[in-house]
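Chemist: Before we start, here is the structure in question, set down as structure tokens.
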Amino acid sequence: MNPNELLSEIPSLRRYARALTGDAWAADDLVQDTLERACTKQRLWREGTDLRAWLFTLMHNLYMNQLQRVRRQSAAGREVDVDDSEVELIAPTLPTDTALDLQRCLLLLPEEQREVLLLVTLEDLSYKTVAKITGVPEGTVMSRLSRARHRLQALMDGAPAAAGLQRAAEPVPLRRLK
């Protein structure tokens, strides 16, 4: 793995991580964890394959593992440390412009729809590559993308039907541990 190739993917990784988490600090941590995992697992990457897709797969898996850990802790009734739960922090709810409104609406989409939407539209990846990254069939990618686009449009328009749309997993109430 060429270090320059790896470095050239950092802006894309940061953009995707920021869109996933909605928080700059959590996004930077996710990118750092992804790069660390890529360096320690570089023997698993095959020369000639798509490095970008491999890195996005690593990030996807790390992010999903973080979400599952937070949900397990919440279900067990344990207090969750804010510093360990940046992925659940939500963007400001008082949008002052379209960009903040878009960010808020993206965070309202279910995880699987948001991931597919961001990978296809923001990162310009093919359905086949997104299917490989997320581990689902191409048809599922297309279906999730279609649902995500319709749901996002409804949320952006503020349609009454959007009022019933909620995140797949409500945010965990966070308390700082002493």
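The values are calculated or read from the model by the stated rules, or taken from the named source; none is laboratory data. Just so we're clear, the structure is a prediction, and the values are computed from it rather than from any experiment. All Cβ positions, glycine included, derive from the backbone under ideal geometry; neighbour counts span all protein chains shown. Please note that ligands, DNA and RNA were not included when accessible areas were found on the heavy atoms of the full protein model with its side chains. Shrake-Rupley method; radii C 1.70, N 1.55, O 1.52, S 1.80 Å.
Chemist: Between ARG43, ARG14, ARG72, which is modelled with pLDDT of 90 or more, basic (Lys, Arg) and in a helix (DSSP H, G or I)?
Modeler: ARG14
Chemist: Which of (1) crowded, with 19+ Cβ neighbours inside 10 Å; (2) of a type in the set (Gly, Ala, Ser); (3) in contact (Cβ under 8 Å) with a residue 40 or more places away in the chain is the odd one out, the single condition SER12 does not satisfy?
Modeler: (1)
Chemist: Condition first: modelled with pLDDT of 50 or more and assigned to a helix (DSSP H, G or I). Now tell me which residues in the range 156-178 satisfy that. Don't jump to the end; show me each part of the working.
Modeler: So in the range 156-178, the residues modelled with pLDDT of 50 or more come out as 156-159.
Result: MET156, ASP157.
Chemist: Could you check the range 41-58 and list, in sequence order, the residues that are under 12 Å from the mean Cα position of the chain (by Cα) and open to solvent by 20 Å² or more (accessible area, probe 1.4 Å)?
Modeler: THR57, LEU58
Chemist: Further question: Which residues, counting only those in the range 17-40, are closer than 13 Å to GLN103 by Cβ, open to solvent by less than 80 Å² (accessible area, probe 1.4 Å), in a helix (DSSP H, G or I) and not small (Gly, Ala, Ser)?
Modeler: Correct list: LEU20, THR21.
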